[in-house]
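Below you'll find the structure, written out as structure tokens, and then a few comments.
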Amino acid sequence: MSGPARPLSFEPATDEATAFACALCGLRFTHGGQVCASCPITHGCDELVRCPRCGYQFPRGSRTLAWLQRLWDRWRAPSERPAPAEPHPVQTLDHLRPGEVARVLKVSAADVPMLMKLSQLGLVPGAEVRMQQSRPAAVVRVGETTVALQRAVARVVHIRRTA
Amino acid sequence: MASIDLAVPTESAVVLVGNPNVGKSALFGALTGAYATVSNYPGTTVEVTRATCAFGDRRLRVVDTPGAASLVPLSEDERVTRDILLSGEAGAVVVVGDAKNLERVVTLALQVGEMGLPYVLCVNMMDEATERGLSVDTSRLAARLGVPVVPTVAIWQQGLPELRAALRSARPGHARVRYPEPVERAAADLARELPAAAVTPRSLALLLLATNEAHAADLPAPKRGGRAAVEEARHRLARELPEPPGYAIHEARRALAAEIALEAGAAVPLRRRVRRVADRLEPLTTHPVWGYPILAVVLALAYLFVGKFGAGTLVGLFENDLFGGLVNPLAVAAAERVLPWTFARDLLVGPYGVITMALTYSLALVLPIVGTFFVAFGALEDSGYLPRLAVMVDGLFRRMGLNGKAVLPMVLGLGCDTMATLTTRILETRKERMIVILLLALGVPCSAQLTVVLALLGPLHPAAFVLWCLVIVSVIILVGRLASAVIPGRSSDFVLELPPLRVPRLGNIAVKTLGRIEWYLKEAVPLFVLGTLILFTADRLHLLGHLQRLGEPIVSGLLGLPAEAAGAFVVGFLRRDFGAAGLYALARAGRLDSVQALVAAVTITLFIPCIANFFMIVKERGWRTATAVAAFIIPFAVLVGAALNAVLGAVRP
């Protein structure tokens, strides 16, 4: 048995965590555009981003600062805030936010015991799930059943948002 | 009276099987009058319970089994259930399910029918289904499955006469699962080679094809080729199917079950459900913010009830007023008048006397606290709060190579470490079971011990209790992390069903508490008496003095305790709470200052589990593991105590 299956990526990589603008030449690019593939320490340098056009390297930016910035923007101009982008309808269960409802498309756990266990709890294709909370562990409702599961497990359940 | 013709042969039994947490044990109790522990979380029953029950003029054996989602086991407790059905003991089966979740119980019922065992389907918890606006068409279910279907509410004893009557017409039913063609073919091929068994060859073949290696060891093997032939068939099947064989087989059953359940049950869509009060409370108990204050309130209430009311008020009443003021002086006076020999007098009422030590400790000191603890714990178990705790601690437990589910045996350990050791069966991997067994034996104080520690630390500054908690919790986390690194194997992912929150029923709490008190009296009191006799003998033979001198370098040197404490540690081998009670007596006599009391409390908490726990580890994991656990714990407890003594000694006021 191998580890949990690699989740399929349904998400276009354009959200703020992976989209950058080069501070030197102004090119807008996504993280996928970095040209560090042959660098031996590329695994360790998660915090640095390199512009694919001019090669300028800059830090990815502090998440805390970005959060404070958003908070500040929101406080300054609550009405001018852009409406949050409509999330992609097809995703994995761990992307569902509390209160959202979705239909299960497919369960892709790599090991049979996990597949069977999720199936026994009602997480099967076609089932309607409602996310109750995502932290400290995800809690979802499937019919009359309440199931708690860790994020790694939620990641193998593919869903389509219905509400 | 006409003799009642039961379809069940006398020598075989009625076996209750069902999904986890659907009330099998409640039904078992209602049928037989015997008590099986009933709680509101899955995994309460991890062993098989047997009792007899009158059906007409016959008495039949009734067997309660651990809950199983499927007869293809994923954990050791499910395996126990499978093995009972394969053993041929079952003359008839009652498949018990939750009326709110028909699909799941029908999946199980299809498997029982497939085995060729006559069964009755019992749809339990009808009250909760009705409350939620769900209806169950039992006649439709009966028609589809071809077996009697009885709606019940086991906790209120509703539907039991009907169930008894229905048992007479138990049948294997006629619902037949259609598996994918390659599965049918492989099962038919394998079935021809299998030796005769208590269940149909087809079901046995399917079981062999679906069961993974971990749980297949004691299944019967084909006459030709043995286990290797099964493995070969599994591999061939895996190549022919798009998904793993076990899953394909399960899905075929579930699909039919879903179809039948849809026909028989009217489901109310998620958004138009009837709202209950508990529905509003349920999300809060696991909420990332509100969950913690709620946990704090639960703990505080438990502490007030057990620590203040039980350990304070009740112990004062029992120990000072009843035993100190009445029983012991009376016993001493009676002994002086009736017994002319000093030896006999000392045996009963001396410093190591059966009445003055064993009975005073066990009945006056430990019993009131254990009793209140059992009440609080029973209420907590019934409420369904415990599994929600698993959600809150999942992250922390993950760092110890466990997952949130492991909190269930750990919290149960607060009741009794011995029983909790047995409950580790609900954990999925060997590694997780080993870690929890070790942590239970090392750090989780059982109710009896907890109470004496509370009594020992109660008179001190509250900081002492906080410090004690801190030390014990850090030791658990530290040893957990170390054990997770040292013990080979893998940990499982966290997936746990949360039962609905319910208002605890007073009747069930009372029955449960009485049952546990009876167990305490039967198990603990004789050991207290035995321990006292050992101390008495040692005292008579002047061994106690030798022992104290022998233990002095450790007890006085390392731990900084008076030499007499050695006696407490010796009887601590029998029961930790007895050892702790001995320390409590020393503290009472003013022989321990606050630092010594704290060091003593920590050391005895971490000390060797009671002898019953030790034998339970032997039973579950063998002598080698048990000896290794003991060999680690004794020096480790002393080490932590010595370290604490050294640190506190430096800052001693």
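Could you run through segment B:428-454 and say how many residues are in contact with a helix residue (DSSP H, G or I) (Cβ under 8 Å, 6 or more places away or on another chain) and either surrounded by fewer than 24 Cβ atoms within 10 Å (Cβ to Cβ) or at pLDDT 85 or above (or both)?
Here the count works out to 17.
Within segment B:70-90, restricting attention to residues that are open to solvent by 10 Å² or more (accessible area, probe 1.4 Å) and not in a helix (DSSP H, G or I), which residue is nearest to B:T211 (Cα to Cα)?
That would be B:L74.
Given the conditions (1) open to solvent by 10 Å² or more (accessible area, probe 1.4 Å); (2) at pLDDT 90 or above; (3) touching a Leu at 6+ places or on another chain (Cβ under 9 Å), and given that B:S203 satisfies all but one, which numbered condition is not satisfied?
Single failed check for B:S203: (1).
Condition check ((1) in a helix (DSSP H, G or I); (2) more than 14 Å from every other protein chain (Cβ to nearest Cβ); (3) at pLDDT 80 or above; (4) more than 30 Å from B:G67 (Cβ to Cβ)) across all residues:
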site	(1), (2), (3), (4)
A:G44	no, yes, no, yes
A:L71	yes, yes, no, yes
A:S79	no, yes, no, yes
A:H88	no, yes, no, yes
A:R103	no, no, yes, no
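Would you check if B:L163 is open to solvent by less than 20 Å² (accessible area, probe 1.4 Å) and either touching a His at 6+ places or on another chain (Cβ under 7 Å) or over 22 Å from B:I260 (Cα atoms) (or both)?
Spelling it out, it is not the case that B:L163 is open to solvent by less than 20 Å² (accessible area, probe 1.4 Å) and either touching a His at 6+ places or on another chain (Cβ under 7 Å) or over 22 Å from B:I260 (Cα atoms) (or both).
Taking the condition open to solvent by 10 Å² or more (accessible area, probe 1.4 Å), at the interface with another protein chain (Cβ under 7 Å from one of its Cβ atoms), closer than 23 Å to B:Y292 by Cα and touching a residue at least 24 places away in the same chain (Cβ under 8 Å), does A:Q150 pass?
no
Any residue at all in segment B:99-107 that's open to solvent by 10 Å² or more (accessible area, probe 1.4 Å), at pLDDT 80 or above, under 20 Å from B:A258 (Cα atoms) and not in a helix (DSSP H, G or I)?
The answer is yes; a qualifying residue exists.
Could we say that B:V112 is of a type outside the set (S, T, Y), within 14 Å of chain A (Cβ to nearest Cβ), within 29 Å of the chain's Cα centre (by Cα) and not in a strand (DSSP E or B) here?
So B:V112 fails the test.
Which helices (runs of 4 or more DSSP H) sit wholly inside segment B:431-542 and have at least 1 residues that are within 14 Å of chain A (Cβ to nearest Cβ) and within 22 Å of B:V571 (Cβ to Cβ)?
Filter on segment B:431-542 gives an empty set.
Go through segment B:403-421 and count every residue that is within 13 Å of chain A (Cβ to nearest Cβ) and either acidic (D, E) or open to solvent by 20 Å² or more (accessible area, probe 1.4 Å) (or both).
Residues meeting the conditions: 1.
Checking B:P340 against (1) assigned to a helix (DSSP H, G or I); (2) open to solvent by 40 Å² or more (accessible area, probe 1.4 Å); (3) of a type outside the set (F, W, Y); (4) farther than 27 Å from B:C610 by Cα: exactly one of these is not met. Which one?
(1)
Does segment B:574-587 contain any residue that is at pLDDT below 85, open to solvent by less than 50 Å² (accessible area, probe 1.4 Å) and part of a loop (DSSP other than H, G, I, E, B)?
So far as segment B:574-587 goes, yes, one or more of its residues are at pLDDT below 85, open to solvent by less than 50 Å² (accessible area, probe 1.4 Å) and part of a loop (DSSP other than H, G, I, E, B).
If the requirement is being in a helix (DSSP H, G or I) and either open to solvent by 60 Å² or more (accessible area, probe 1.4 Å) or within 30 Å of B:G133 (Cα to Cα) (or both), which of these qualifies: B:L367, B:L281?
Exactly one residue qualifies, and that residue is B:L281.
Of the residues B:D218, B:D189, only one is in contact (Cβ under 8 Å) with a residue 24 or more places away in the chain, more than 30 Å from B:P387 (Cα to Cα), more than 12 Å from chain A (Cβ to nearest Cβ) and not in a helix (DSSP H, G or I); which?
Selected residue: B:D218, the only one of B:D218, B:D189 that is in contact (Cβ under 8 Å) with a residue 24 or more places away in the chain, more than 30 Å from B:P387 (Cα to Cα), more than 12 Å from chain A (Cβ to nearest Cβ) and not in a helix (DSSP H, G or I).
Any residue in segment B:263-270 that is within 12 Å of chain A (Cβ to nearest Cβ), in a helix (DSSP H, G or I) and within 24 Å of B:A129 (Cα to Cα)?
yes
Could you run through segment A:121-153 and say how many residues are in contact with a strand residue (DSSP E or B) (Cβ under 9 Å, 6 or more places away or on another chain) and at pLDDT below 85?
2
Taking the stated definitions as given, is B:P151 open to solvent by 20 Å² or more (accessible area, probe 1.4 Å), within 31 Å of the chain's Cα centre (by Cα) and at pLDDT 85 or above?
Yes, satisfied.
For residues that are within 7 Å of chain B (Cβ to nearest Cβ), surrounded by fewer than 22 Cβ atoms within 10 Å (Cβ to Cβ) and of a type in the set (S, T, N, Q), tally how many sit in segment A:120-144.
Adding up the residues that qualify gives 2.
Scan (1) open to solvent by 10 Å² or more (accessible area, probe 1.4 Å); (2) farther than 21 Å from B:C469 by Cβ; (3) at pLDDT 80 or above; (4) part of a helix (DSSP H, G or I) for the single condition B:Q596 breaks and write down its number.
Failing condition for B:Q596: (2).
For the structure I just gave you, tell me whether B:V640 is in a helix (DSSP H, G or I), at pLDDT below 80 and under 27 Å from B:I437 (Cα atoms).
It is false that B:V640 is in a helix (DSSP H, G or I), at pLDDT below 80 and under 27 Å from B:I437 (Cα atoms).
The values are calculated or read from the model by the stated rules, or taken from the named source; none is laboratory data. Source: prediction; values computed, not measured. Don't worry about glycine lacking a Cβ; one is built from the backbone with ideal geometry, like all the others, and counts go over all protein chains shown. Ligands, DNA and RNA are excluded from the accessible area calculation, which covers all protein heavy atoms including side chains. Shrake-Rupley method; radii C 1.70, N 1.55, O 1.52, S 1.80 Å.
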